[in-house]
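One structure is given below, encoded as structure tokens.
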Amino acid sequence: MSEEHRQGNVTGCKGLNVPLTLTNYLLNQQKLTMMKGIHNIHKMTASIAAVLLSASLFSCSSDDFFGKAEGTSEGISFGVTDAAETRAANVNDAQTVAHYVLRSDASADTLCVRAIVTDGIGNNDNKPMTRAAMQTTMYDKFNVVAAYKEDGNIGSQFFMNEIATNNGTNWVPQRIYYWPGSNRQLRFLAWAPTDATFQTVPNSPTATTLQYTTPAEAKDQRDIVAAATDFIDSPAKEGNCIPVGLQFKHLCTAVKIKTGAQMTAGTIKSVSITNVKNSGSYDMVSSTWALNDGTANYTVSPEFATTGSTTNGTDLNAGESTLMLLPQTLGADSELKVEFHDNISGRDRTLSASLNGAEWPMGKTVTYRLSITPEYELNIENTSEMLDAHYIVEPIKVKIGNLEPNTKWTLTAKIDGEKYNGIDVSVLLDNPEDGALNVAKQGFWIDKYVEIKRNDEGEIISKKLTNQTARGTATVTGTGSLETNAYVFIPENIGNTDRNITITLKVDGSSDADAYKKTITQKCPSWNGNNVGYERFEKDNKGIYPFGFLWDRKVEYKYQGFLALLFKWVANSYKTADVDYLTTKYTFQLWFKSITTATIDYTAINNSLNVGMSADNGLENTRKLYTFKNIGSISELENDFDNLKILGYKWQDKKTEGGHYETVKNFAAKMAVMRNKFNVEKREQKDTEGNTVIFYVPYIEENDIVWYLPASNEQKGITDIEYPLSGTYWSSTAADDNTHAYVYSSGSEPVIGERMATHKIRAARRK
């Protein structure tokens, strides 16, 4: 700029008018000297210099650069004024604007990302960064140009084209400029930092744009800011000039990556945002961007190790790694990609999600929070939310997916509360070869194996309870992927409070946060004043059964062949001395034509029931009804025979007549007994040729029956506010006519009902 324009026709803040040219300006000074004397002109010059050096102090917030003037100057200077959009990010202003789900092409893993937009560009601790990213105080220097307008016409040259530097108070240009005279206005355009690379900057008084391309590396990206005024008159007031207020705006969007609430063990190697528009023009007057179509990818490589205890919100690209990108709406090709090394599998994984439509507002911070879950899948299904107080076999489904073959996992079950009789919860995975488990699948809560020796007629010679568990253990381990049924053996809760059962599935070496957990609440009994407790509800409001002992069912099994004799021995193992409803017949002809016929005739006991008559002792009734002619266990014979195989052969012929098997299998007293702890007997039979068949049957001693069906008078004591009785319930009291038994409804007296009618039951237990 010419000396004429730099020092030209000005109006001093004391109202002095001087000629436009430098020559006229000097002549005017000579005239003043002649009029006032050399002493006075020197005095005035010194005063002006002193005023220029005493530029006013601007306060700068620790959150951002803004304030108000606290002093005056006779020369042109600059201060940074308050602007809402330049305030640093406030955690209370955070707003979640989107959620993304990142998926790996190679697994079912998901990566959850939360996008957060906050006002301003700033760091949480309000400390200066190592570079100008997320600038929280104004730069020491900025570029500034000024165009002047005279009588409404913009001049052809800049009035000012300088770098303004902070002098501790304001920002002042390198040379002294004075406000032009009347009918002249100035418009200021300013931008920073001075070392940022712009393709073009305003090069004429009518130019107002910055051309900018985002550097490829985060360390080279700057928090660029710009300010513009209208054409303004001299800010002189009462003969004093005050600094020009420049309202700087952040032109970029700060993009931050942080850890989320859930992080699995591994290393976040890199995070990339792809297909981002990276260049454009910013109009400082209209405060708008016009972006070009070109795109670029931006990557940060934190190499950050994660664990299950990684602090939520840990910065992955703080400081020089902060991305300062152009504000925009991301397109269909934009993605967030994460390269992650999984410590569990030992593999590198790539996860990505579309950012299509994501908004990056100018002057704001967008934070992506990554919650990285394991690539494997853990799941426990089909569990009940609430279970009753008695012994329960709870079937569940366990699923472990996308796990390396040699990677170990652990399934545990535990009681979160008081244990009784030292019995803990246990688990068995489904196994067709586990004969004891097949007993549990029928609903029997089995504890240990019992060794029983019998003669050829089924009579017990000896028995011994072993220490070998039949129901698994509290901890089950394995390797690789798995999808199977499992059975949780939950012991009785005979305390005064409910308790929780927690089932946990975890990959070895992973954090607790990555484990999958299911919690089941087990109720305690509803205790009455006589120390008798009752089960709490009928599951799903079902479970209706007949009293039984009035059956009309007959079943005949027939086998012909060389294994016929072995089938006879198996059938006889179910017989006891008083069992008269099970008969077996073996006919030898030729070896391959021998025939065994086994017949179950339940009608044989209908007119012989002479137990279960007490109106006050349901425990005795239940024990006697279950053990009467071994009917409690003999009813499992049909199920066993249906599934029995010897050398791959089954029964050749089965004939049935009369009622359904379920009416025999599930009668009221037996269903109450199945609330108890059983053991399991392993039976083994061999023929003379060495052919063997092994099968398993439930076994319970009469004294081990502690959950029972209340007698008719005992049912009056059943009270439960939380789960009140509803409908009609069987008692354990049989009528003496061999056709009826007593039923009970809440609030009424016991009455007799047909034995084969179906009603509910609630078992009881003495404390």
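Listed values, structure above:
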| quantity | calculated |
| --- | --- |
| Selection status of residue 174, under 18 Å from residue 234 (Cβ atoms) and free of Cβ contacts under 8 Å to residues at least 60 places away in the same chain | no |
| Filter result for the condition that a residue is modelled with pLDDT under 95 and surrounded by fewer than 22 Cβ atoms within 10 Å (Cβ to Cβ), over 308, 294, 266 | 308 |
| Filter pass, residue 724 being part of a loop (DSSP other than H, G, I, E, B) and at pLDDT 95 or above | no |
| Of the criteria (1) touching a residue at least 60 places away in the same chain (Cβ under 8 Å); (2) exposed (fewer than 15 other Cβ atoms within 10 Å of the Cβ), which one residue 580 fails | (1) |
| Members of region 475-504 that are of a type in the set (D, E, K, R) and in contact with an Asp or Glu (Cβ under 7 Å, 6 or more places away or on another chain) | 499 |
| Hits in region 736-759 - residues which are of a type in the set (A, V, I, L, M, F, W, C) and assigned to a strand (DSSP E or B) | 741, 743, 751, 752 |
| Given (1) modelled with pLDDT of 95 or more; (2) under 30 Å from residue 350 (Cα atoms); (3) buried (at least 24 other Cβ atoms within 10 Å of the Cβ), number of the condition residue 275 does not satisfy | (3) |
| Test result for residue 425, within 30 Å of residue 762 (Cβ to Cβ), touching a residue at least 24 places away in the same chain (Cβ under 8 Å) and β-branched (Val, Ile, Thr) | yes |
| Residue list for region 152-190, filter: touching a strand residue (DSSP E or B) at 6+ places or on another chain (Cβ under 8 Å), assigned to a strand (DSSP E or B) and of a type outside the set (A, V, I, L, M, F, W, C) | 155, 161, 162, 165, 166, 180, 184, 185, 187 |
| Any strands (runs of 3 or more DSSP E) falling wholly within region 394-495 and containing at least 3 residues that are closer than 26 Å to residue 517 by Cα | 408-416, 426-429, 445-454, 475-479, 482-490 |
| Selection from region 203-235 of residues that are among the basic types (Lys, Arg) and over 18 Å from residue 363 (Cβ atoms) | 219 |
| When residues of region 183-203 are limited to those that are more than 51 Å from the chain's Cα centre (by Cα) and surrounded by 13 or more Cβ atoms within 10 Å (Cβ to Cβ), the one farthest from residue 284 (Cα to Cα) | 184 |
| Unmet criterion (only one of (1) of a type outside the set (D, E, K, R); (2) in contact with a strand residue (DSSP E or B) (Cβ under 6 Å, 6 or more places away or on another chain); (3) not assigned by TED's automatic domain parsing to the domain that holds residue 248) for residue 336 | (3) |
| Within region 508-590, strands (runs of 3 or more DSSP E) holding 1 or more residues that are more than 30 Å from residue 735 (Cβ to Cβ) and among the acidic types (Asp, Glu) | 554-560 |
| Where residue 599 falls short, out of the listed (1) surrounded by 22 or more Cβ atoms within 10 Å (Cβ to Cβ); (2) more than 17 Å from residue 733 (Cα to Cα); (3) β-branched (Val, Ile, Thr) | (1) |
| Residue match in region 354-362 (condition: in contact (Cβ under 8 Å) with a residue 24 or more places away in the chain, touching an Asp or Glu at 6+ places or on another chain (Cβ under 7 Å) and in the same structural domain as residue 275 (by TED's automatic domain parsing)) | yes |
| Residues being buried (at least 16 other Cβ atoms within 10 Å of the Cβ), more than 17 Å from residue 503 (Cβ to Cβ) and in contact with a helix residue (DSSP H, G or I) (Cβ under 8 Å, 6 or more places away or on another chain) - total across region 421-441 | 1 |
| Number of positions in region 331-353 that are at pLDDT below 85 and among the small types (Gly, Ala, Ser) | 3 |
| Only listed residue being free of Cβ contacts under 8 Å to residues at least 40 places away in the same chain and in contact with a strand residue (DSSP E or B) (Cβ under 6 Å, 6 or more places away or on another chain), chosen from 288, 264, 274, 299 | 299 |
| Some residue of region 318-328 being farther than 30 Å from residue 492 by Cβ, at pLDDT 90 or above, of a type in the set (A, V, I, L, M) and touching an Asp or Glu at 6+ places or on another chain (Cβ under 7 Å) | yes |
| Residue, surrounded by the most Cβ atoms within 10 Å (Cβ to Cβ), within region 706-739, restricted to residues that are within 15 Å of residue 614 (Cβ to Cβ) and among the aliphatic types (A, V, I, L, M) | 709 |
| Residues of region 204-228 satisfying the condition of being in a loop (DSSP other than H, G, I, E, B) and either touching a Pro at 6+ places or on another chain (Cβ under 7 Å) or buried (at least 19 other Cβ atoms within 10 Å of the Cβ) (or both) | 205, 208, 214, 221, 222, 223, 224 |
| Answer residue from region 740-756, given it is touching a residue at least 24 places away in the same chain (Cβ under 8 Å) and crowded, with 16+ Cβ neighbours inside 10 Å and is farthest from residue 712 (Cα to Cα) among those | 756 |
| Test for residue 365: is it more than 24 Å from residue 267 (Cβ to Cβ), among the β-branched types (Val, Ile, Thr) and either touching a Phe, Trp or Tyr at 6+ places or on another chain (Cβ under 8 Å) or not assigned by TED's automatic domain parsing to the domain that holds residue 288 (or both) | no |
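The values are calculated or read from the model by the stated rules, or taken from the named source; none is laboratory data. Since this is a predicted model, take the numbers as computed values, not measurements. In this analysis, Cβ positions are derived from the backbone assuming ideal geometry, glycine residues included, and neighbour counts consider all displayed protein chains.
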